[in-house]
Amino acid sequence: MASRQRRLARLGSSHPQPRVRVASSTTSAERRRDLRPIIHAEDVCPTQDFGSAAADLLAAAACVGCGRAGCALCPACATELEGLPYRTRPSPCPIGLPAVFAVAVYDGVARSALVAHKEQARLSLSKPLGRALALSVFGVLAAQSDRGTALRVLHLVPAPSSRRTVISRGHDPLLRMTNECAKALRAASVHAIVAPVLAAARPVRDQAGLSARQRADNLGGAFAFKGRRGLDGRAVVVVDDIVTTGATAAEACRVLGLVGADVLGVAVVAATARHQS
Ligand SMILES: [Zn+2]
């Protein structure tokens, strides 16, 4: 508990706060307090909705991190998703990839939680994973503080998943996480909206096992903008569950740039270990 309080204090003091539009009566101390609901672990279990709880019952309600019975992510393991956001960089780094922020290495609890949420539909993990994503978004915003631009609305654009993949899984895990992320950001006075404006334009090979160059070739021209209107000048953060080579995020950012979006950076829950931080 003490270490978490230290991390909270560092989040509020050592990271420059993004210039976000908040009610004029809101003080910086109040804004820092607003961040706390994002990273409290104790309510991970009690706030499950009926569907999430039912899914966990079917999965024997064991913690994905330690196997402890009771809920999908126990408070102790949840702290693994509450680290300070850090900047990470794939090596080699794709051309055009903006700043990428993560809260965890893709290993241990982070990996177990992302896999269980995605592949086993452990839906009660959407909230803690979405909160972790929100911390990464704060990392992106904090890195933008020197631009001096007041942020009116922040568009969260999920990296596209193929329609076939979503159908085969029976749900869209990244969209669920992004919705929870937006809720957490709004609770901290950042006017975030979810903008799923990218779609797969053509089939791509499974990325697993491909080199960085092969992934870039595989994804070139693979995404299309499907928004009704452009994003001219709109502040955007691309969100994804993990970043590996950065090829997916770079292609998403390239397409958003073509429609005029002001892409501030990329936020993910976890980065693979070969990243430099
Ligand atoms: Zn646990």
2 or more residues closer than 24 Å to residue 111 by Cα: qualifying strands (runs of 3 or more DSSP E) within region 208-277: 235-243, 262-271
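So which of 165, 178 ends up being in a helix (DSSP H, G or I), of a type in the set (Val, Ile, Thr) and touching a Pro at 6+ places or on another chain (Cβ under 9 Å)? So that I can check it myself, show each step before the final result.
Details: 165 fails: touching a Pro at 6+ places or on another chain (Cβ under 9 Å).
Of 165, 178, the one residue that is in a helix (DSSP H, G or I), of a type in the set (Val, Ile, Thr) and touching a Pro at 6+ places or on another chain (Cβ under 9 Å) is 178.
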Conditions (1) out of contact with any helix residue (DSSP H, G or I) (no Cβ under 7 Å at 6 or more places or on another chain); (2) of a type in the set (Ser, Thr, Tyr); (3) surrounded by fewer than 19 Cβ atoms within 10 Å (Cβ to Cβ); number of the one not met by residue 106: (3)
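So how many residues does region 184-201 have that are part of a helix (DSSP H, G or I) and buried (at least 17 other Cβ atoms within 10 Å of the Cβ)? Give the steps one after another, and end with the answer.
Within region 184-201, the first condition is being part of a helix (DSSP H, G or I), and the residues that meet it are 184-187.
Pick out the ones that are also buried (at least 17 other Cβ atoms within 10 Å of the Cβ) and you get 184-185.
Selection size over region 184-201: 2.
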Out of 206, 217, 232, sole residue that is of a type in the set (Asp, Glu) and under 18 Å from residue 257 (Cβ atoms): 232
Counted residues, region 244-254 - those being surrounded by 23 or more Cβ atoms within 10 Å (Cβ to Cβ) and either of a type in the set (Val, Ile, Thr) or within 17 Å of residue 206 (Cβ to Cβ) (or both): 4
Subset of region 60-91 (residues that are part of a helix (DSSP H, G or I) and either more than 29 Å from residue 248 (Cα to Cα) or acidic (Asp, Glu) (or both)): 75, 76, 80
For residue 239: the one exception among (1) over 18 Å from residue 90 (Cβ atoms); (2) surrounded by 19 or more Cβ atoms within 10 Å (Cβ to Cβ); (3) touching a helix residue (DSSP H, G or I) at 6+ places or on another chain (Cβ under 7 Å): (1)
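Only one residue in 110, 99, 104, 76 is over 15 Å from residue 271 (Cβ atoms) and either within 16 Å of the ligand (Cβ to nearest atom) or within 19 Å of the chain's Cα centre (by Cα) (or both). Which one?
76
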Residue in region 92-128 that is farthest from residue 236 (Cα to Cα), counting only those that are in a helix (DSSP H, G or I) and among the hydroxyl-bearing types (Ser, Thr, Tyr): 112
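Since every read-out is calculated from the coordinates, none of them should be taken as a lab result. Note that the structure is a prediction, hence the values are computed from the model and not measured. Glycine also receives a Cβ, built like all others from the backbone with ideal geometry; neighbour counts cover every protein chain displayed.
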